[in-house]
Amino acid sequence: AMALATIGLMASFVAVQRRATIATLRGRGASARQLLLGQASEGLLLCIPAALVGLLLADLLVRARPSVWSLVAAGVTVLAATALLVGAAAPNARRPLGTIEREEVVAARPSPRRLVFEAFVVVLAAAGVYLLRRRGLAGDSAAAQVGGFDPYLAAVPLLLGLALGLIVRRLFVFPVRLLAWQASFRRDLVPFLGFRRLARQSAVTSVPLLVLLLSVAVSVFSSVLLHTIEVGQKQSSWAVVGADYQVQSFLDIELPKELDLTTVPGVQAVAAAYHQADVTSGGSGGFPGTVSFLALDPDAYARVNAGRPVDPLPPALFARPSAGIGTPNHPIPALVSQFWNGNQPLRPGDTFALHLNDQDLTFQAVQVREQFAGLSLDSPFVVTQTSSVQAALAAIGPRGGTIKPNELFVRGPASAAAPIRAALKQAAPLATLVSRSEQYASVHDSPLIAGSANGFRLGLIVAIVYSALAVGLTLALSGRSRARDLAYLRTLGLSWRQAIWLTVAEQAPTTLLALILGIALGVVVVHLIAPGLDLSTFIGPGASGALVVDRWAITAIALALIVTVAAAVALVTVLLQRISLGSVLRLGEQ
C-alpha cells in the first residue's frame, strides 16, 4: 500500500512536470485518448523492466522454491503502477486547453460514486475488525482447516489503515482551516500563509498523509512485535531453565558428593535440589495422579536468581521446620500448580498428601502458580523446601529414609559453560547441563524466527524510505507554486528564515497528525491480530506472549520521521535559495 501510494505521488509529480508538454500536444490536435495511450505505453516500458529486476533480486535473496505467484505478483505490480501513471495524467489530458497550465491544484467536489466507495472501504474495515477479534486470523473458512488464513481477515490491517486515511483525508482540511483562521489574528503572516496554503492544497497533501500514516503504523507494528518476541524469548529461556544453568542427573539419581561447582571459575552461586517427576498422591487428603516434585533450599535458590527475571519463592517456604511437620496438624508449606490432573485447582490454604519414600506426607498450598521456572509445563508440580521434607522423613524413623540432591541451579555468566561441563565430565559424566543462554540462542537464531525478525527490521527500513520519498515528493509537487509565492513575498521583504518557517508551517500539521494516528494505528493493529497469532512459535514455551510496547523504539521512530521531514524542508529551502527572482517572476515566458 505504501509503495503504490508513493508511486502515485511520483506519477502526480511527473504529470505536473509535463503540463507544458501536454498543452503543446493538445494544441497540435492530440486527443485525450492518444495522450493516455502514450502514457500507458511509457508506463509499461518503465515498469516491466523494473518489475523483472525486482523479481530477479527476490529470487537471489530468498532461497526458496520458485512459485508462479511471484511472477503474478510482479505482473500485478506492473499493471498497478501503470494504472497510477495513467490516472495521474488523466486530469491534465481531459482538462480544457486553457486551464492546463494552472499552477494551483483545485480540489473538485467528490463524486457520489467516490464517496460511496470510500464508505464501503470503511464498512469493510469495521466488519473485518469485528470478525478478526471474534474468529482469529484463520476465521471459519476452509483455510482454517488446512492451517491457512482467511485472505479477507488478513487484509483487515490494510483496510483499517486505508479507512482511517480516507476519513482523515476528508476531515483534515477543517482543522487546518481553523488553524489558518486562528493564525490570521497574529501580527506576523508566516503561520497564516503556511496553514492557508496547506488548506488550499489538501488534495496534494492527502496522499502523503496516508503514506506517512501507514509508514508510521508499519514501523510501530514491527517494533511492537519485535520487542514482544525478544522479551518473550528471554522469558521462555528463564521458564525452561529456571536459572543461568541447570544440572540434571541421569534418571533422577543422586549427584556425586565430590561434585562441587562452587569452585568452578565463573560460578557465583549454587542451589541444590531434589527433583522427582512422578510422585503420586496418597492418603485421604491426596488427589489422583502424579505430580512433579521439587524440594530445594530457598535461601540458596534466592541467591542464584537474585536480580533475575524469575518469580521469587513465597515467604512461607523460608520458615524453619518445627516439630511434627508433615502431619495433617502441621503440614509442609508448598508452592503448587494451578492445574492438578484435571481436578479442581487447589487454593491457598488447602491441604493434600503426597506419597514420598513410601510415606504419606501432608502439604499445604501457600501459593498457586501457573508454572514454575525450571519445571516441565506439561504436568502439575509441587515445590517445597528441602529441610522441611527432611525433618518430616526423619521424624518417621529409619523407614522414612531421606532425599538427596539430584539437581542443581547455578548462577554464572555465559563464559562459565565450558568450565562447568568440564567439571561434570570429570565428576558426573551422565549429568546434563542446560544453559539458559544456549536455550535462548536456539530459539532466537532458528531460521524461521530469525527470518521473521529480519522481515520486521526490513519493514522498518522500507517504511522510513517511503516516508522520505513521500515528504520529498510532496514538497516537489508544490515546488513551482511555492517558488512563485516565495518570490512574491521576497519582493515584499520576506527573509529566508521566514521562508523556512513558512515551509515548516505547511508540513508540521501533516507530520504531527501522521505521527499520532500512525502510532495509534500500529498499536491497535497489533492488539487486533494478537488473538489470531500463535506467538509461541516465535518465543518458545513458557512465556506469556503478552504484547510489550517499546516506548523508546516508538520515540525513535517519531524522531526519525521528524528528522526526515526537517531534512526535506532544509533541502527545499537550499534549492529555493538558488532560484533567481527574475526567472520566477517572468510570467508567460518559457
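Nearest 500 deg cm²/dmol is fine: what mean residue ellipticity at 222 nm does the chain get from its DSSP H runs of n ≥ 4 alone, each adding -39,500 (n - 2.57), divided by its residue count? Let's see the in-between values first.
Numbers: 20 runs with 340 residues, N = 590.
The per-residue figure over the chain is -19500 deg cm²/dmol.
Projecting the Cα atoms of Asn454, Thr491, Ala468 onto the charge dipole of the chain (Cβ charges, centred on the Cα centre) puts Thr491 farthest toward the positive pole. The modelled label-to-label distance for the pair Leu512/Ala450, using points 7 Å beyond Cα in the direction of Cβ, is 4.5 nm. When only alpha carbons of the stretch 1-72 are considered, Rg and Dmax amount to 17.0, 54 Å. Largest first, the extents of the alpha carbon coordinates of the chain on the three principal axes equal 113, 56, 46 Å. Put a dot 7 Å past the Cα of Ala306, heading toward its Cβ, do the same for Val574, and the two dots end up 5.6 nm apart.
Work out, step by step, the length gained on full extension between Gln17 and Ile461: first 0.36 nm times the residue separation, then minus their alpha carbon distance; give nm to one decimal. The partial results should precede the final answer.
Numbers: separation 444, 0.36 × 444 = 159.84 nm, distance 2.92 nm.
Extra length from Gln17 to Ile461 when fully extended: 156.9 nm.
Express the carbon and sulfur contribution to the solvent-accessible surface of the stretch 1-60 as a percent, rounded to the nearest whole number, probe 1.4 angstrom.
Working: 2360 of 3410 Å².
Percent of accessible area from carbon and sulfur atoms in the stretch 1-60: 69.
Compute and list, largest first, the equivalent-ellipsoid semi-axes of the stretch 468-539 from the alpha carbon gyration tensor, each √(5λ) rounded to a whole angstrom.
Working: eigenvalues 376, 27, 14 Å².
Value: 43, 12, 9 Å, ordered largest first.
Counting only protein heavy atoms, what percent of the accessible surface of the stretch 390-461 is carbon or sulfur at a 1.4 Å probe? Within the stretch 390-461, the accessible surface is 64 percent carbon and sulfur.
Among the helices of the chain (complete DSSP H runs), which have Cα atoms covering no less than 27 Å along the helix axis and a Kyte-Doolittle mean of at least -0.5? Once both thresholds are applied, what remains is 32-61, 68-94, 112-135, 202-241, 447-477, 496-529, 551-577. If you take all other residues with their beta carbon under 10 Å from the beta carbon of Leu35, and give Lys and Arg +1 and Asp and Glu -1, the sum is +4.
Divide, for the stretch 319-365, the radius of gyration over alpha carbons by 2.2 N^0.38 Å, where N is the residue count.
Details: Rg = 11.2 Å, N = 47, 2.2 N^0.38 = 9.5 Å.
Against the compact-globule rule of thumb, the ratio is 1.18.
With an 8 Å cut-off on Cα pairs and a minimum separation of 6 or more residues, tell me the relative contact order of the chain in percent. Could you put the intermediate results ahead of the total?
Values: 860 pairs, mean separation 127.0, N = 590.
Rounded, it is 22 percent for the chain.
Here the stretch 402-470 is treated as an ellipsoid with the same Cα gyration tensor; its semi-axes, largest first and in whole Å, are 44, 11, 10. Computed about its Cα centre, the charge dipole of the chain is approximately 3860 debye, with only Lys, Arg, Asp and Glu carrying charge at their Cβ. On full extension, the segment bounded by Leu25 and Val53 gains 6.8 nm, given 0.36 nm per residue less the C-alpha separation.
Does the stretch 318-418 classify as rounded, prolate or oblate by the C-alpha gyration tensor (a ≥ b ≥ c root eigenvalues; a/c under 1.5 gives rounded; else a/b over b/c gives prolate, otherwise oblate)? Can you show the working numbers first?
Working: a/c = 1.99, a/b = 1.22, b/c = 1.63.
Taking the square roots of the gyration eigenvalues as a ≥ b ≥ c, the stretch 318-418 is oblate.
If R0 is 60 Å, what FRET efficiency do you get for Leu492 and Leu37 from their C-beta distance, rounded to 0.05? It comes to 0.85.
Across the stretch 227-278, the convex hull enclosing all Cα atoms gives 111 Å³ per residue.
By accessible area, using a 1.4 Å probe on protein heavy atoms only, the stretch 302-370 has 48% of its surface on carbon and sulfur.
The modelled label-to-label distance for the pair Val68/Val123, using points 7 Å beyond Cα in the direction of Cβ, is 3.6 nm.
At 1.4 Å probe radius, can you tell me the per residue accessible area of the chain in Å²? Don't skip to the end; give the middle numbers.
Values: 30770 Å² over 590 residues.
About 52 Å² of surface per residue is accessible.
The values are calculated or read from the model by the stated rules, or taken from the named source; none is laboratory data. Because the structure is a prediction, the values reported are computed rather than measured. With ideal geometry, Cβ positions are generated from the backbone for all residues, glycine too; neighbour counts draw on all protein chains shown. Ligands, DNA and RNA are excluded from the accessible area calculation, which covers all protein heavy atoms including side chains. Shrake-Rupley method; radii C 1.70, N 1.55, O 1.52, S 1.80 Å.
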